[in-house]
Amino acid sequence: MVFADRDDAGRRLAARLGHLRGEPVVVLGLPRGGVPVALQVARALAAPLDVIVVRKLGVPFQPELGMGALGEDGVRVVNPEVMQACGVSQDELAAVQAREQAAVDARAARYRARRPRQPLAGQVAVVVDDGIATGSTARAACQIARAHEAARVVLAVPVAPPGWQARIGAAADEMVCVHTPRGFAAIGQFYARFPQVSDDEVLGCLERAAIAQSSAQASAGRSAGAVDPPGRSEKVEPQAGAVRLAGYLTVPEGAPGIVVFVHGSGSSRHSPRNQHVAGVLQDAGLGTLLFDLLTPEEELDRANVFDIGLLTGRLVQVTGWLRAQPRAARAAVGYFGASTGAAAALLAAAEPGAGIAAVVSRGGRPDLARPRLAAVTAPTLLIVGGRDQMVLDLNRRAQAELRCENDLAVVPGATHLFEEPGTLDAVAGLARDWFLSHISDAEVLAGWAPSRRASDPCRRSPTPR
């Protein structure tokens, strides 16, 4: 197994950590290479991301041999057995500690310039690196997390040599690894791309994670303090053929329509961006269905993310399941697609008799639905970031092939993931207005039948706003 890059490794690792969803998790990346991997894990678990700045205390005459570790806030872990066996004096320990503490403080000062360390007391600390060679740094990081009073320590890595658990010992309560190959020589041999990671990239990962976490918290705040509040949302298992998927169905009283979220990466229900948009739609009186198009096992194969036929088939089947639910029987159905999920949404909407009231694409790839774009009858809104030039060009070309009512909305200053302040709120507002203008009781002919507006002669708004 070879990972495409650290992002790919992080997504595959996250699929092995699904049992931690819903627990009080803090994901801790080891700077620098472990942080991009940890970002993907934090996203999948909807958990905060932080770094754990740690330096090994090496024996003076054999620095690779650790006699302890140092972390932030003066936390020190010492192995007296190693010190005694190597004859290291307290003075020698103090000298090593002073040197390494200066290195810890310098790095921590840069990473903490904009946000404080995440408290670990009582939390599940998930320590993540891009791989394990000797295991000394990872072991030290676990010891530091435990010294900060983490209730439980989980060490998770994409790749490690066989027998790696023995190197960690009791430092971690749980150890997770995607690949333990024979012939292990170096971590980099199991990555197609394994560039050095800069401090600026680490800071960028922390910033993106903070924005996503803030969005999730905002959504939770609107929903009485919980992402899935009792009495408003319910956990469901949509049926797609022989496969049962996982999701959350929310149907406010009297909701005229339900918006189904379609995310190309599979884990739509845990996407903080989707949850944020869903909260805005719910506040406007619309129902939402957030579900995972892929099972955890299917997500391990990145080819499934781009299997538009598979994603479309799943969406069609789940839509049929939704319409059979008593809470949704008389509601119109809309699609909100992101990434490759937008192509699946458009293809599903183009199916004969689909009866989809409206489609919204966020940073999507409608071009991947090109063979069927002209058959889409549902009013379609394409939302793209103004700084996402390549995707913007693809959306403009796809828009030219749509024959239904459609529009292209460009969010100024936004990049592909809409991580800049205010840009995701802009997306949510645009989606809300589009769905509300095309979904209403008066426009639904019978139960889930197509809306009159969707079946009207198609209109097109060629000018991006």
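Observations on the structure shown:
- Per-residue ³J(HN,Hα) for region 277-283, Karplus 6.51 cos²θ - 1.76 cosθ + 1.60, θ = phi - 60°, Hz, x for Gly and Pro: 5, 4, x, 5, 5, 4, 4
- Sequence-distant residues sharing a close amide H with I258 (under 5 Å, placed H): G287, A332, V333, G334
- Rounded to whole Å, the principal axis extents of the Cα atoms in region 1-145 read 46, 36, 26, largest first.
- Rough spin-label spacing in nm, given labels placed 7 Å along Cα→Cβ, for H416 and R302: 1.1 nm
- Spin-label pair E92/E23, simplified geometry with 7 Å Cα→Cβ offset, distance in nm: 3.9 nm
- Per residue, the chain reaches -11000 deg cm²/dmol at 222 nm when only DSSP H runs of four or more residues are counted, each adding -39500 (n - 2.57).
- Amide proton proximity set for L57, modelled H, under 5 Å, gap of 5+: M67, G68, A69, L70
- For region 281-407, the mean projected area of the C-alpha convex hull, equal to one quarter of the hull surface, is 8.5 nm².
- Accessible surface of D173, taken over heavy atoms with a 1.4 Å probe and every protein chain present, rounds to 90 Å².
- Alpha carbon convex hull of region 246-339, projected area averaged over orientations, nm²: 5.6 nm²
- Taking a ≥ b ≥ c as the square roots of the eigenvalues of the Cα gyration tensor, region 110-155 is oblate, since a/c reaches 1.5 or more and a/b is not larger than b/c.
- Antiparallel bridge percentage (DSSP; both residues within the chain; nearest 5): 35 percent
- Of the trypsin sites (Lys or Arg not before Pro) in region 62-167, those whose Cβ has at most 13 other Cβ within 10 Å and which sit in DSSP loop: R114
- Cβ-Cβ FRET estimate between R182 and R115, R0 fixed at 45 Å, reported to 0.05: 0.60
- Length gained when the stretch R387-A4 is fully extended (0.36 nm per residue, less Cα-Cα span): 135.4 nm
- Long-range HN-HN contacts of Y191 with modeled amide H, under 5 Å: F3
- Spin-label proximity, R370 to region 403-441 - amide N less than 15 Å from point 7 Å beyond Cα toward beta carbon: none
- Computed over region 334-438, the percent of Cα pairs more than 19 Å apart is 34.
- Dimensions of region 73-199 based on its C-alpha atoms, expressed as ranges along the principal axes with the largest first, amount to 42, 42, 31 Å.
- Remark: spin-label model distance A242-S198 equals 5.1 nm, labels positioned 7 Å along the Cα→Cβ axis.
- For R396 and T295, a Förster radius of 35 Å and the Cβ-Cβ distance give a FRET efficiency of 0.50, rounded to the nearest 0.05.
The values are calculated or read from the model by the stated rules, or taken from the named source; none is laboratory data. Please read all numbers here as calculations on a predicted model, not as lab measurements. Positions of Cβ are generated from backbone atoms using ideal geometry, with glycine treated the same way; all protein chains shown enter the neighbour counts. Ligands, DNA and RNA are excluded from the accessible area calculation, which covers all protein heavy atoms including side chains. Shrake-Rupley method; radii C 1.70, N 1.55, O 1.52, S 1.80 Å.
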